[in-house]
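Here is the structure we will look at, set down as structure tokens.
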Amino acid sequence: MFRNLRGSVEQCVLRGQFRPTDADLEAQVLWTINQGVTSLLIINPNFPWADREALIDRVIDCAIDGLRAGPGGL
């Protein structure tokens, strides 16, 4: 799974969709972010979370926006 994620990051960099970056590092960051939200939802089921799907989508959007090349990215 991680190799696929890393390959996806690398392809996005090569296509100019993501800013030039270290694909290994950024794939690990994305993996960590997704693991984090998943873990929090599982271990804190009684927390008054916003809509789960909206929360997950927003976390992913924020992570991807941080990698984007050009306007909206770093």
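The values are calculated or read from the model by the stated rules, or taken from the named source; none is laboratory data. Because the structure is a prediction, the values reported are computed rather than measured. FYI the Cβ positions are ideal-geometry reconstructions off the backbone, even for glycines, and counts take in every protein chain you see.
I'd like to know if the stretch 25-39 contains one or more residues that are touching a Phe, Trp or Tyr at 6+ places or on another chain (Cβ under 7 Å), in a helix (DSSP H, G or I) and surrounded by 11 or more Cβ atoms within 10 Å (Cβ to Cβ). The answer is yes, given that some residue of the stretch 25-39 is touching a Phe, Trp or Tyr at 6+ places or on another chain (Cβ under 7 Å), in a helix (DSSP H, G or I) and surrounded by 11 or more Cβ atoms within 10 Å (Cβ to Cβ).
Listed by first and then second residue, the pairs with beta-carbon distance under 6 Å, at least 6 apart or on different chains, first residue in the stretch 4-33 and within 11 Å of Leu67 (Cα to Cα) and touching a residue at least 24 places away in the same chain (Cβ under 8 Å), second part of a helix (DSSP H, G or I) and among the small types (Gly, Ala, Ser), are Val9/Ala23; Val9/Ala27; Leu30/Ala63.
Contact map, the stretch 60-71: residues that are in contact (Cβ under 8 Å) with a residue 12 or more places away in the chain and surrounded by 16 or more Cβ atoms within 10 Å (Cβ to Cβ) paired with residues that are of a type in the set (A, V, I, L, M, F, W, C) and part of a loop (DSSP other than H, G, I, E, B), Cβ distance under 9 Å, separation 6+ or inter-chain. Pairs shown: Leu67/Leu74.
Look through Ala63, Ala50, Ala54 and report the one residue that is part of a helix (DSSP H, G or I) and at pLDDT 95 or above.
Numbers: Ala63 fails: at pLDDT 95 or above; Ala50 fails: part of a helix (DSSP H, G or I).
It is Ala54.
Of the residues making up the stretch 2-24, those that are surrounded by 15 or more Cβ atoms within 10 Å (Cβ to Cβ) and either at positive phi or among the basic types (Lys, Arg) (or both) are Arg6, Arg19.
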